[in-house]
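Have a look at the structure below, then the notes.
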Amino acid sequence: MSERSPAVMIVNPRAGRLRAGSVDRLVAILRERYSLVVLECGDLRELARTAREATGRADTVIAVGGDGTVSRVATGILGTEARLAVLPGGSTNHIARLLGMPTSLVAAARALAGPTRLRRLDVGCAGQQALLFLGGVGVDALIVRDAPARVKRFLAWVGYIPPGLRHLQDGPWHVQVSVDGSVVEVTARTVLVANGSFLVHPWFRVGRDISPDDGLLDVCIYSPARFVDWVTIGLWMLAGQVHRSRHVRQLRGRSVAIRTSPPAPVEIDGDYLGEGDLSITMCPAALTVVVPAGARGVGED
């Protein structure tokens, strides 16, 4: 390229995989292609505002952090002409994996500095928060809430195992799920609203035929009665056929509202939001993302 394009890199210094000197190394790589400004923001509540302000000075906004960081940055740039790029600095990095980014921070930066292409993604709009990958009500949110940051920093996704074992038998909740106005009432331990298709690794599929660019949200309802039922669900996930489990039900639509009794915990893209209801509307092809030219995301042809 004869001229470097303007970009703002927003770094969450609390991200689990960032180490001393990491940012300097990323900057050195990315400045081969971009006229780069680096901003640090460790307050998730301020990330969207920081990203919105960055769109006034750059064509590309690069989020460095985990899924929560990326989701908040995406929230800030929605409705603008800016493009999103992702560098995986968190414990699970679902969004980066979905896009086909290398799992190494340095390798991902080199990929962004090389040939790239643009991809359009759907976004779930949950009030003032964007859902890029996955939202959860019930046990899933409890696991997110109680996974220790220090453990995740050193052991990545393994940090979710202890709270998972502790909370799998919590609930169940009485759940009312409305999808495009059609209401289903069930008893469940977890309800996932999915724009992405897997948990932790692309092998573990949370439902059937879930795509981030089909204009639809998938609602996956998990109703295991016993711990052994969770084990069978996990095995079906690994086989890529969790829809065959008798403890799983999947719905699909453009508008989802979930109400629970008693109030259940809620998370979006790895951010714990407290207890209450969850309402999400699909915004098709609302976000432009920069991905390596030669990479293919999960489920992408």
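The values are calculated or read from the model by the stated rules, or taken from the named source; none is laboratory data. All values derive from a computational prediction rather than experimental measurement. As a convention, Cβ positions derive from the backbone with ideal geometry for all residues, glycine included, and neighbour counts pool all protein chains shown. For accessibility, only protein heavy atoms count, side chains too; no ligands or nucleic acids. Shrake-Rupley method; radii C 1.70, N 1.55, O 1.52, S 1.80 Å.
Can you confirm whether the stretch 50-62 contains a residue that is out of contact with any Cys (no Cβ under 9 Å at 6 or more places or on another chain) and closer than 24 Å to Val144 by Cα? No - not one qualifying residue is present in the stretch 50-62.
For Arg57, indicate whether it is within 25 Å of Leu78 (Cβ to Cβ), open to solvent by 60 Å² or more (accessible area, probe 1.4 Å) and not small (Gly, Ala, Ser).
yes
Would you check if Val137 is touching a residue at least 24 places away in the same chain (Cβ under 8 Å) and part of a helix (DSSP H, G or I)? No: the conditions fail for Val137. Before we move on, is Gly171 within 22 Å of the chain's Cα centre (by Cα), farther than 30 Å from Arg120 by Cα and modelled with pLDDT under 95? For Gly171, the condition - within 22 Å of the chain's Cα centre (by Cα), farther than 30 Å from Arg120 by Cα and modelled with pLDDT under 95 - is not met. For the stretch 261-301, taking the residues that are of a type in the set (Gly, Ala, Ser) and not in a loop (DSSP other than H, G, I, E, B), the one that is farthest from Ala109 (Cα to Cα) is identified as Ser261.
Considering only residues in the stretch 222-247 that are in contact with a helix residue (DSSP H, G or I) (Cβ under 7 Å, 6 or more places away or on another chain) and in contact (Cβ under 8 Å) with a residue 12 or more places away in the chain, the one that is surrounded by the most Cβ atoms within 10 Å (Cβ to Cβ) turns out to be Tyr222. Highlighted here are the strands (runs of 3 or more DSSP E) found entirely within the stretch 156-244 that include at least 2 residues which are more than 21 Å from Ile258 (Cβ to Cβ): 201-205.
Ala63 meets the stated requirement of being open to solvent by less than 10 Å² (accessible area, probe 1.4 Å) and either out of contact with any Ser or Thr (no Cβ under 6 Å at 6 or more places or on another chain) or in contact (Cβ under 8 Å) with a residue 40 or more places away in the chain (or both). Pairing each residue of the stretch 42-53 that is farther than 13 Å from Val11 by Cβ with any residue that is part of a helix (DSSP H, G or I) and hydroxyl-bearing (Ser, Thr, Tyr), provided the two are 6+ apart or on different chains, yields C-beta distances under 7 Å for Ala48/Thr75. Val137 falls short on exactly one of the conditions (1) touching a Phe, Trp or Tyr at 6+ places or on another chain (Cβ under 7 Å); (2) aliphatic (A, V, I, L, M); (3) within 27 Å of Ala225 (Cβ to Cβ), and that condition is (1). Looking at Gly124, Gly136 in this structure, which one is under 30 Å from Thr260 (Cα atoms) and either in the same structural domain as Arg25 (by the TED database) or in contact with a helix residue (DSSP H, G or I) (Cβ under 8 Å, 6 or more places away or on another chain) (or both)? Of the residues listed, the single one that is under 30 Å from Thr260 (Cα atoms) and either in the same structural domain as Arg25 (by the TED database) or in contact with a helix residue (DSSP H, G or I) (Cβ under 8 Å, 6 or more places away or on another chain) (or both) is Gly136.
Being more than 28 Å from Glu300 (Cα to Cα) and within 17 Å of the chain's Cα centre (by Cα) holds for only one residue in Leu18, Leu36, Leu87, Leu44, and it is Leu44.
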